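What follows is calculated from the coordinates using simple rules that are stated; it is not laboratory data. Just so it is clear, the model here is predicted, and its values are computed rather than measured. Every residue, glycine among them, receives a Cβ derived from its backbone with ideal geometry; neighbour counts consider all protein chains shown.
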Amino acid sequence: MSRIGRKPIEIPAGVEVQVEGNTVTVKGPKGTLTNTFHPDMSIKVEGNEVLVTRPSEDKVHKSLHGLTRTLVANMVEGVTKGFQKELEVNGVGYRVAKQGTNLVMNLGFSHQVIMAEKDGITIEVPAPNRIIVHGADKQKVGQFAAEIREKRPPEPYKGKGIKYAGEFIIRKEGKAGKGKK
């Protein structure tokens, strides 16, 4: 039996979970999330817990069991606490600012890079070189943070670009010039 899959998911106070077939809807203080899961997985609400069970010991069912349980747990956590990704901007003249709901980035291009907030996602800019992406849906937060990072990924020679907070960039040594004789 899957160690992750068999753990019950506790439903905190103020959160409502509805299961209709293989569609799960979770409502909480941070919003509402709906997801449709594989039809073989059985999802039930018993008391203040959500239980995920699988029909057989097939390899596919074993892998779907843990995945389904984790996705439902992330939905519950998302509507209660929410998720966030933090990004850092490194480089001379590289800076970010927020204008209305748009993120305006100066990344060494001849133009500014502007990204609008998507629904369910909020952007925070506490400093000119830090971006924080908030949201209830873990997948959307991670995807939007990846799209921001994609605008100027960190380069290995000077470390300039946008990176995740805590991400380690492997640095390369520059080209070794031929010495004059």
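Site pair Ala165 and Glu46 shows an inter-label distance of 4.0 nm when each label is modelled 7 Å from Cα along Cα→Cβ.
Please compute the contact order of the chain in relative form: average sequence separation of alpha-carbon pairs under 8 Å and at least six residues apart, divided by the residue count, as a percent. Walk me through the numbers before you get to the answer.
Numbers: 338 pairs, mean separation 31.6, N = 181.
RCO, the chain: 17 percent.
Straight-line cross-link reach from Lys59 at under 15 Å between alpha-carbon atoms covers these aspartates and glutamates, not counting any fewer than eight positions away in the same chain: Asp40. A simple spin-label model places the labels of Gln112 and Ser63 4.6 nm from each other, with each point 7 Å out along Cα-to-Cβ. To the nearest ten degrees, helix 59-80 and the longest principal axis of the Cα atoms of the chain are 80 degrees apart. Hydrodynamic radius of segment 124-181 by the Kirkwood approach over all distinct alpha-carbon pairs: 13.8 Å. Of all lysines in the structure, the ones whose alpha carbon falls short of 26 Å from that of Lys172, not counting any fewer than 8 places away in one chain, are Lys151, Lys158, Lys160, Lys163, Lys180. Estimated from the Cβ-Cβ distance and a Förster radius of 35 angstrom, the FRET efficiency linking Arg130 and Asn22 is about 0.30. Between helix 138-150 and the chain there is an angle of about 10 degrees, using the helix long axis and the longest principal axis of the Cα atoms. If you take all other residues with their beta carbon under 10 Å from the beta carbon of Lys98, and give Lys and Arg +1 and Asp and Glu -1, the sum is -2. In terms of distances greater than 18 angstrom between alpha carbons, the cross-link table entries Lys7/Lys30; Lys30/Lys138; Lys81/Lys138 yield Lys7/Lys30. Classified by the C-alpha gyration tensor, segment 33-181 has an oblate form. Its axis ratio a/c, with a ≥ b ≥ c, is 1.5 or above, and a/b does not exceed b/c. In a DSSP loop and with at most 14 other Cβ atoms within 10 Å, the GluC sites (Glu not before Pro) in segment 121-181 are Glu167, Glu173.
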